Amino acid sequence: VFVIDDQDASRARLAQDLREAGYIVTDDRDGHRGVTRLKGAPATDVVVVRADLDAGNTIPMQRWQGTLAVIDEILADVRTKNMRVMVVGGAAGKEMLTAKYGDKLAGFIEEPLVATAYLPNVQAAVEKGDLNAERAAALAVAADASDALATTNPCCTAWDFKVVIDPLPRRARRAAPR
């Protein structure tokens, strides 16, 4: 889960709650920098964006521009378009963003933040995703590697690294797209 929120307190709260729920969480306070980081990490499942991102630095009439730019870029780029986007904020942002994006948004997180209220929505967004072939292959290779490591005896002085090294390239070749 990647959280883009310029409000330090809510970003920290979201990140902490999500980590405690077992998610791997990364966050950024800047929308542009956050989108750039997302493009470099296409395995991200869910992106949480503040509804009024960067509103403190703009005139009231333009308070949604930062959020709209971030969501538009995530949905348009081939590396990020399959990420599920959730929005954190109040009711006004929910109405406007629902009208603009409809079902392209995976859900909303209402403020004040209550983990028991929004964690099921995040879980539902995670479950909406599908694994592409490369990601499924990477998970299979990781599972094989962990199985190989689990069968080794680290206390044995004659420990043979081949039980770890040999299965990895074999499995990677089998799983590689043809």
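The values are calculated or read from the model by the stated rules, or taken from the named source; none is laboratory data. Since we're looking at a predicted model, the values are computed, not measured. All Cβ positions, glycine included, derive from the backbone under ideal geometry; neighbour counts span all protein chains shown. Accessible surface areas use protein heavy atoms only, side chains included; no ligands, DNA or RNA. Shrake-Rupley method; radii C 1.70, N 1.55, O 1.52, S 1.80 Å.
Would you mind stating whether residue 9 is assigned to a helix (DSSP H, G or I) and either surrounded by fewer than 19 Cβ atoms within 10 Å (Cβ to Cβ) or touching a residue at least 40 places away in the same chain (Cβ under 8 Å) (or both)? Yes. Residue 94 falls short on exactly one of the conditions (1) modelled with pLDDT of 95 or more; (2) part of a helix (DSSP H, G or I), and that condition is (1). Taken over the range 73-132, the criterion of being of a type outside the set (S, T, N, Q), touching a strand residue (DSSP E or B) at 6+ places or on another chain (Cβ under 7 Å), open to solvent by 60 Å² or more (accessible area, probe 1.4 Å) and under 15 Å from residue 1 (Cβ atoms) is satisfied by 128 alone.
Here residue 75 does not fit the description of being more than 23 Å from residue 92 (Cα to Cα) and in a helix (DSSP H, G or I).
Residues are listed down the side, and each one gets a yes or a no for (1) under 25 Å from residue 138 (Cβ atoms); (2) among the acidic types (Asp, Glu):
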{"site": "19", "(1), (2)": "yes, no"}
{"site": "30", "(1), (2)": "no, yes"}
{"site": "42", "(1), (2)": "yes, no"}
{"site": "47", "(1), (2)": "yes, no"}
{"site": "58", "(1), (2)": "no, no"}
{"site": "97", "(1), (2)": "no, no"}
{"site": "112", "(1), (2)": "no, no"}
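Only residues that are surrounded by fewer than 16 Cβ atoms within 10 Å (Cβ to Cβ), part of a loop (DSSP other than H, G, I, E, B) and over 9 Å from the mean Cα position of the chain (by Cα) were counted in the range 42-61, giving 2. For residue 70, the requirement of being buried (at least 20 other Cβ atoms within 10 Å of the Cβ) and part of a strand (DSSP E or B) is not met.
Among the residues of the range 1-30, how many are basic (Lys, Arg) and more than 24 Å from residue 82 (Cα to Cα)?
Number satisfying all stated conditions: 1.
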